[in-house]
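The values are calculated or read from the model by the stated rules, or taken from the named source; none is laboratory data. What you see is a predicted model; the values in this text were computed from it and never measured. Quick reminder, even Gly has a Cβ in these numbers, built from the backbone with ideal geometry, and neighbours come from all protein chains shown.
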Amino acid sequence: MKTPWHIGDAIGGALAIAAVSTLGDYLWANFLPHHRPIYGLTHGTLLFLAVGLYLGVLAHKAAIGAVAGGLLGFLAAANFYVLSPILGYSPMFLLYIGVWLGLGLLNGRMLRPARRPNGRPEFLRYDRRRTSGRPEGLPDDSSSAYLPLRPRGGFGEVLIRSILAAVGSGIGFYAISGIWFPFNPRGWDYAVHFAAWTVAYFPAFAALLVRRDRP
């Protein structure tokens, strides 16, 4: 039975990005030299590019999501390397929260299709010749057919969801931070890392993606 809350999107996002983060842990532990900004910048960019890509694919705007997510990740990593000589690792936590706040705004204001002034959702054109059947309630157009897209909410809803995603991701990141300690990369269990990352990412994706279909 299909759930009207789209919780599967949040679970899928948590699993996908947990896999990316676990791969990152493995590469840092075995191949990448530490304290080299170029690798940190690349890691941050690619990680949040993947997050933006996932959100963008769900909204049928993969390129926009990937580019914007990658830019947010790059800016966060760059700020970390600027601040870390003075403040140590403490800025990482706040920057991580900030990135998810930005991702929430990106998802709510740029990626999600808007409602028309009459309150009806926008529609996605598709080729009727390649598609059998016709969903009920679609515009009557002899040359094309349409599929309704999930609408975005108002700015207040978007802001609340973004804050919840930022706070949830921050709490999740803090809760799993013990997976790196004691620092013994050769003894790390990457199945544990994957499970921990999945738990850490789920609150953020749930805040952004879990929603009930409107009638």
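Overview of values
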{"item": "Test for residue 84: is it surrounded by fewer than 20 Cβ atoms within 10 Å (Cβ to Cβ), of a type in the set (S, T, N, Q) and modelled with pLDDT of 85 or more", "result": "yes"}
{"item": "Residue in segment 90-102 that is out of contact with any helix residue (DSSP H, G or I) (no Cβ under 6 Å at 6 or more places or on another chain), at pLDDT below 95 and aliphatic (A, V, I, L, M) present", "result": "yes"}
{"item": "Cross-chain or 6+ apart pairs with Cβ under 6 Å, segment 76-91 first and closer than 18 Å to residue 38 by Cα, then not hydrophobic (A, V, I, L, M, F, W, C)", "result": "76/44; 77/40; 77/44; 80/91; 81/37; 83/91"}
{"item": "Residue list for segment 1-27, restricted to those being over 24 Å from residue 110 (Cβ atoms) and without any contact (Cβ under 8 Å) to a residue 24 or more places away in the chain", "result": "1, 2, 3, 23, 24, 27"}
{"item": "Residue within segment 44-54 that is free of Cβ contacts under 8 Å to residues at least 12 places away in the same chain and surrounded by fewer than 21 Cβ atoms within 10 Å (Cβ to Cβ) present", "result": "no"}
{"item": "Hits in segment 156-171 - residues which are of a type outside the set (D, E, K, R) and either crowded, with 16+ Cβ neighbours inside 10 Å or touching a residue at least 12 places away in the same chain (Cβ under 8 Å) (or both)", "result": "158, 159, 162, 163, 164, 165, 166, 167, 168, 169, 170, 171"}
{"item": "Unique match (being closer than 26 Å to residue 61 by Cβ, of a type in the set (A, V, I, L, M, F, W, C) and at pLDDT 90 or above) among 171, 176, 160", "result": "160"}
{"item": "Flag for residue 89 being closer than 24 Å to residue 22 by Cβ and either in contact with a Phe, Trp or Tyr (Cβ under 6 Å, 6 or more places away or on another chain) or buried (at least 17 other Cβ atoms within 10 Å of the Cβ) (or both)", "result": "no"}
{"item": "Test result for residue 32, farther than 20 Å from residue 97 by Cβ and without any contact (Cβ under 8 Å) to a residue 24 or more places away in the chain", "result": "yes"}
